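The values are calculated or read from the model by the stated rules, or taken from the named source; none is laboratory data. As the structure is a prediction and not an experimental result, all values here were calculated from the model. All Cβ positions, even for glycine, are placed from backbone atoms using ideal geometry, and neighbour counts span all protein chains on display. The protein model used for the area step is the full one, side chains on, heavy atoms only, and it has no ligands, DNA or RNA in it. Shrake-Rupley method; radii C 1.70, N 1.55, O 1.52, S 1.80 Å.
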Amino acid sequence: MKRNKKKLCTLFLTGLCCLAVFHGCGSQGEGNGIEGAGTQDNKIEEPAAQNTQEGAGETVGEFTMQDIEGNTYTQEMFEEYSLTMVNVFTTWCTPCVNEIPDLEKLHNEMADQGVNVVGIVLDSVDSSGNASEEVVELARLLAERTGATYPFLIPDAGYLNGRLLGINAVPETFFVDKEGNIVGETYSGSRSLEDWKSIVEAESKGVGQ
């Protein structure tokens, strides 16, 4: 157990020595990091410039997921907020990890406005849909190092009723209203706190309070 934890810490600290290049990751990169760190983006196009309408107008449906601490979440989690920002990321994508502190600030600053933030750790399950304890432990370490208090969810067997399937660039962010409907645009790539604030304010205008 100590050896595995030491290995995870080594992987984490290795990422701190890298320089950020792009705003997203297209496939598994090298290293993990926090603010000021980065890794090479393997996607041909820079995903931060891409917004799509994919998924808008659909519903997340019924689901049951656990977070990295073992707490259970269902579709009812969306009922408590007018708008929930769902940020899909991986532990190996440095741009994903770099924006977590800003997403935490967003989470704290906009909760009173009916806005919530939820993370989904896409690489925390293997190809068979089984949770990877090593990746889950790494996600716990990332939450600790970045100060994140919003939930990091582990994908369920249905991958959120198929919504998480086919994602080829992370981070990917979409929004869900209190009725469980996917609303607005889907955003590919990381952004600054101020950019996310502007986006959330714009998306909030399109949902009922």
Are any of the residues in the stretch 194-202 out of contact with any Cys (no Cβ under 7 Å at 6 or more places or on another chain), surrounded by 20 or more Cβ atoms within 10 Å (Cβ to Cβ), under 22 Å from residue 25 (Cα atoms) and in contact (Cβ under 8 Å) with a residue 12 or more places away in the chain?
-> yes
State the number of residues belonging to the stretch 56-100 that are buried (at least 18 other Cβ atoms within 10 Å of the Cβ) and not aliphatic (A, V, I, L, M).
-> 17
Considering only strands (runs of 3 or more DSSP E) wholly within the stretch 110-178, the ones with at least 1 residues that are without any contact (Cβ under 8 Å) to a residue 60 or more places away in the chain and either open to solvent by 40 Å² or more (accessible area, probe 1.4 Å) or among the polar types (S, T, N, Q) (or both) are 115-121
